[in-house]
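To start, the structure itself, in structure tokens.
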Amino acid sequence: MGVTQSMQPVRSRVAAPAAANAELQELLDSIQQAPAGIPQRLWGTALAHPVTEFLSRPGKRFRARLVELAWRASGRDDNPPAVLPLFVELLHAGSLIVDDIEDDSLQRRGQASLHRQIGLPLALNAGNWLYFWALSLLREAGLSPRAELELHHRTVDAVRRCHEGQALDLAARVGDLHSAEIPGLAHRISQWKTGSLMSLAASAGAIAAGAPQQQIAALAIFGERLGVGLQMQNDLSELTGAAGPLKHPEDLIHGRVTWPWAWAAQRLSASRFDALQ
């Protein structure tokens, strides 16, 4: 694997995009100081600088926005706890770093994938660390013990389900499947891999707002379905090249079960689909 800046420290402070908020910057500042007894330069190279650089890249913040919308849909006219939208974004960021390693992707959010900047071992550790950092931040959300416990349970379930969807995505090869198997598999991969975290985002906003269980369940279903739609859009944009030239060939090279394949399987005869495979 090529590394563009093998084991070189990434700058700890990157100019935040215009859409980035003060809460994120404060969170990034909080991890810059090395723990007692650890050389500052080592802490920066090992964790603080790579995580800060990655989180400072501009993103769409779909999941953070969904937390906020679910909070307001639950009858609140104020803002949710500042840490709550960030908690979901940290989970997502960790999953992106790990996903890029598994795909050996060249690029993420307009820059080189983290494992190509700092090497696979440090990038993998940073991605995994983000999952646990996100969970630890729930203590700062000011939730009731009951709400915090429910959100912990839902987070563990969501992250586990994301990994199950990713496992299917990595193992399935479109050339090994019958056309009738592909649409259902594409939906299940999207439902687990992408829909689970979107469902968690909607649930988090509703749980924190004190919504009744029936409303939490409805928003969770909405988030999951929205996640499936986002995966459809992502698969299509990568096929057409709209996602960028470096992302364009990835799914085809790996033979992934994507939505364009599912749509083709639904529209073509078995013989024509076999020929396309």
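The values are calculated or read from the model by the stated rules, or taken from the named source; none is laboratory data. As the structure is a prediction and not an experimental result, all values here were calculated from the model. Every residue, glycine as well, gets a Cβ built from its backbone with ideal geometry; the counts of neighbours run over all protein chains shown. Each accessible area value is taken on the protein alone, full model and side chains, heavy atoms only, with ligands, DNA and RNA left out. Shrake-Rupley method; radii C 1.70, N 1.55, O 1.52, S 1.80 Å.
Sorting the segments 142-151, 202-211 by their mean number of nearby beta carbons within 10 angstrom, highest to lowest, gives 202-211, 142-151. Farthest towards the positive end of the charge dipole of the range 127-255, among the residues Ser136, Gly165, Ala147, is the Cα of Ala147, using unit charges on the Cβ of Lys, Arg, Asp and Glu. A Förster radius of 30 Å combined with the Cβ-Cβ distance from Asn79 to Gln33 puts the calculated FRET efficiency at roughly 0.60. Segment His178..Leu42, full-extension length gain: 43.8 nm, with 0.36 nm per residue of separation and the alpha-carbon distance subtracted. Annotation for Arg267 and Lys60: the two label points, set 7 Å from Cα along the Cα-Cβ direction, are 2.1 nm apart. What is the log10 of I(q)/I(0) for the range 127-205, computed with the Debye formula using one identical point scatterer on each Cα and no solvent, at q = 0.12 Å⁻¹? Here the Debye-derived log intensity ratios amount to -0.44. Under 5 Å from the amide H of Thr194 lies no amide H of any residue 5 or more positions distant or on a separate chain, with H modelled from the backbone and absent for Pro and chain starts. Oblate is the label for the chain, because a/c, from the alpha-carbon gyration tensor with a ≥ b ≥ c as root eigenvalues, is 1.5 or above and a/b does not exceed b/c. Shown for the chain: the carbon plus sulfur share of the solvent-accessible area, taken with all protein chains present and a 1.4 angstrom probe, equals 57%. Using Cβ point charges alone (K and R +1, D and E -1), the dipole size of the range 68-124 about the Cα centre works out to roughly 140 debye. Once you order the gyration tensor axes a ≥ b ≥ c over the Cα atoms, which shape class does the range 86-139 get: rounded for a/c under 1.5, otherwise prolate or oblate by comparing a/b with b/c? Verdict is prolate for the range 86-139. For Arg108, the amide hydrogen comes within under 5 Å of the amide hydrogens of Ser113, counting only partners 5 or more places away or on other chains and with H modelled in the peptide plane.
Apply the a/c threshold of 1.5 to the C-alpha gyration tensor of the range 164-218 and tell me whether it is rounded, prolate or oblate. Note, shape of the range 164-218 comes out prolate.
Once label points are set 7 Å from the Cα along Cα→Cβ at both Leu168 and Arg139, what is their separation, rounded to one decimal in nm? Using points 7 Å along Cα→Cβ, the separation is 3.6 nm. Placing dummy labels 7 Å off each Cα toward the beta-carbon, the span from Asp104 to Phe132 is 2.9 nm.
Restricting the calculation to Cα atoms, the range 154-277 shows an Rg/Rh of 1.05 when the hydrodynamic-style radius is the Kirkwood one.
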